[in-house]
Amino acid sequence: MDKEFYNEDFNADPDANVIVDFKVIVPKGNLNRVYHEIPAESSVGTWQRVAAMTDDILRKLSAKTFQVEKLSDTEAKLKVAYPLELFEANNIPQMLSLFAGNVYGMNSLEYLRVNDVHIPNELINTFPGPAHGPKGIYDIIGIDQGPILGTIVKPKLGSPPDVHAKTTYDAWRGVDGTSGITWVKDDEPQTDQDFCRFEDRIGRVLEYADQIKSETGRQVIYAANITGSISTMMKRADYVVDQGGKCLMIDVVTTGFSAVQHIREQDYGLPIHAHRAMHGALTRHHDHGIHMKVLALMYRLAGVDGIHTGTIFGKMGYGKIEEDKEEVLSSNKKLMGDLGNMKQVIPIASGGVGVRNIGKIIDALAPHVVITAGGGIHGHPDGSAAGATAMNQAKDAALQGVIEDDALLQWAKDNEAVELVKALTNQS
Ligand code: RUB
């Protein structure tokens, strides 16, 4: 085969090319073939030469495999360079349809994984990115930095608006008005069901947010889940703005990149909390799909202000979501690292968080993180207010370096952190 799509001597200029790190697993005998086929199918080629293909098109626009690390007769890692001219400004679906499109379905491959993507600043800067970022969020709350503690109202579905709202208030308040958490999010499938209508719920919860403000001076946040069709999301966002809400939540994988880009373009003036439900369908198989850090990067371009990236302890026997620490750290780097002119995105750690493991998250991810605990707060033997206070106490302990179970219980007793003692011993 010729060197149109595979050339190890090709010097891929990182300012002029999007560079994608793939891992491939192929049936025996196919490796060399896919070094050509992946860049061909994902740029200007197809399965055979066509009459209108010119040398000029090939020279200017063909993607090229330019680095190969062969792992075995059937596995390899490759870097493929895509000329910037292939990409449209500010268009995430188009970008993904190029390098993460048809290639997943090619029958010459068994598995294909996009492990990383480099995007030149010229293209990065065509996207809006976050309007607020961590700094904007800290300003709304009136703090200098995180970690910010939060909760997801549980049960995740079924409570009527008054119960949902009162639970939110209890968690914000804690046992004494000042020891509660700051951030409350709806759960990802909670939108506008008969048992808890959107407007009723949001109205009541935001009244409680005002009450907290007048009682304690604290500005708390409610991430109201506006997920739906685009027109529905716009109506819901307007309602949240009208009611004085401070944050919009979107299930960003299930709603899709265009939907997120569209909501960002409306400039509602509120941060966007991105829930990643369904990400595992894309990210979980380590030989196939897309690494979470690549999704994190896409949502940063799209303009969310915070996104779930995991808790770091999924493989340590804690938590409930599968992930490893390196995976989470690499996603968070995509959110918080330098990226053209773009603001940062605050990582959100959630899923199976409790008083026994929150210290590990704080140790690994603080200060720039939102940590949300559902069952870990509402499962407290004395209820949601006590659970929120206990979680805050566990945070204080972690910030003093107390993380492991025995030491944490001793710390709780020494500091008369009654709610934490009860949470750790599961006694009311
Ligand atoms: C957490 C919860 C979160 C997801 C998020 O509830 O419902 O929405 O688990 O997962 P609980 P991730 O605290 O009771 O486990 O952040 O990994 O996407």
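When Val114, Val163 are screened for being touching a strand residue (DSSP E or B) at 6+ places or on another chain (Cβ under 8 Å) and either over 19 Å from Ala373 (Cα atoms) or in the same structural domain as Gln344 (by TED's automatic domain parsing) (or both), only Val114 passes. Report whether or not Ile371 is within 16 Å of the ligand (Cβ to nearest atom), within 20 Å of Val153 (Cβ to Cβ) and not in a loop (DSSP other than H, G, I, E, B). Taking the combined requirement at face value, the residue satisfies it.
Got at least one residue in segment 263-270 being among the small types (Gly, Ala, Ser) and in contact with a Cys (Cβ under 9 Å, 6 or more places away or on another chain)? Quick ask: steps written out before the conclusion?
Initially, segment 263-270 is screened for residues among the small types (Gly, Ala, Ser), giving 269.
Remaining after also requiring in contact with a Cys (Cβ under 9 Å, 6 or more places away or on another chain): none.
No: segment 263-270 contains no residue that is among the small types (Gly, Ala, Ser) and in contact with a Cys (Cβ under 9 Å, 6 or more places away or on another chain).
Within segment 147-155, does at least one residue satisfy the condition of being buried (at least 21 other Cβ atoms within 10 Å of the Cβ) and in a helix (DSSP H, G or I)? Taking every residue of segment 147-155 in turn, none turns out to be buried (at least 21 other Cβ atoms within 10 Å of the Cβ) and in a helix (DSSP H, G or I). Within segment 315-334, count every residue that is over 18 Å from His286 (Cβ atoms), within 14 Å of the chain's Cα centre (by Cα) and more than 13 Å from the ligand (Cβ to nearest atom). Residues that pass the stated criteria total 1. Quick check on segment 200-222. Is at least one of its residues in a loop (DSSP other than H, G, I, E, B) and under 22 Å from Val253 (Cβ atoms)? Looking through segment 200-222, none of the residues is in a loop (DSSP other than H, G, I, E, B) and under 22 Å from Val253 (Cβ atoms).
Only one of the numbered conditions (1) under 28 Å from the mean Cα position of the chain (by Cα); (2) surrounded by fewer than 24 Cβ atoms within 10 Å (Cβ to Cβ); (3) touching a residue at least 40 places away in the same chain (Cβ under 8 Å) is not met by Gly383, and that is (1).
Test Gly352 against the criterion of being on the phi > 0 side of the Ramachandran plot, free of Cβ contacts under 8 Å to residues at least 60 places away in the same chain and either crowded, with 24+ Cβ neighbours inside 10 Å or assigned to a loop (DSSP other than H, G, I, E, B) (or both), and give yes or no. Before you say what the answer is, go through the steps one by one.
Numbers: on the phi > 0 side of the Ramachandran plot: yes; free of Cβ contacts under 8 Å to residues at least 60 places away in the same chain: yes; either crowded, with 24+ Cβ neighbours inside 10 Å or assigned to a loop (DSSP other than H, G, I, E, B) (or both): yes.
So Gly352 passes the test.
Examine segment 84-100 for a residue that is surrounded by 19 or more Cβ atoms within 10 Å (Cβ to Cβ), among the hydrophobic types (A, V, I, L, M, F, W, C), modelled with pLDDT of 95 or more and not in a helix (DSSP H, G or I), and state whether such a residue exists. Yes, some residue in segment 84-100 is surrounded by 19 or more Cβ atoms within 10 Å (Cβ to Cβ), among the hydrophobic types (A, V, I, L, M, F, W, C), modelled with pLDDT of 95 or more and not in a helix (DSSP H, G or I).
Can you work out which of the residues in segment 224-265 that are part of a strand (DSSP E or B) and out of contact with any Leu (no Cβ under 9 Å at 6 or more places or on another chain) is nearest to Gly203 (Cα to Cα)? Show your work before the answer.
Initial filter on segment 224-265 (part of a strand (DSSP E or B)): 224-225, 247-251.
Pick out the ones that are also out of contact with any Leu (no Cβ under 9 Å at 6 or more places or on another chain) and you get 249-251.
Numbers: Met249: 16, Ile250: 18, Asp251: 21 Å.
It comes out as Met249.
Residues in segment 256-284 that are within 15 Å of the ligand (Cβ to nearest atom) and not hydrophobic (A, V, I, L, M, F, W, C) were compared, and the one that is farthest from the chain's Cα centre (by Cα) is Arg284.
The values are calculated or read from the model by the stated rules, or taken from the named source; none is laboratory data. Remember, predicted model here, so these are calculated numbers, not experimental data. Note that we place each Cβ from the backbone using ideal geometry, even for glycine, and neighbour counts take in every protein chain shown.
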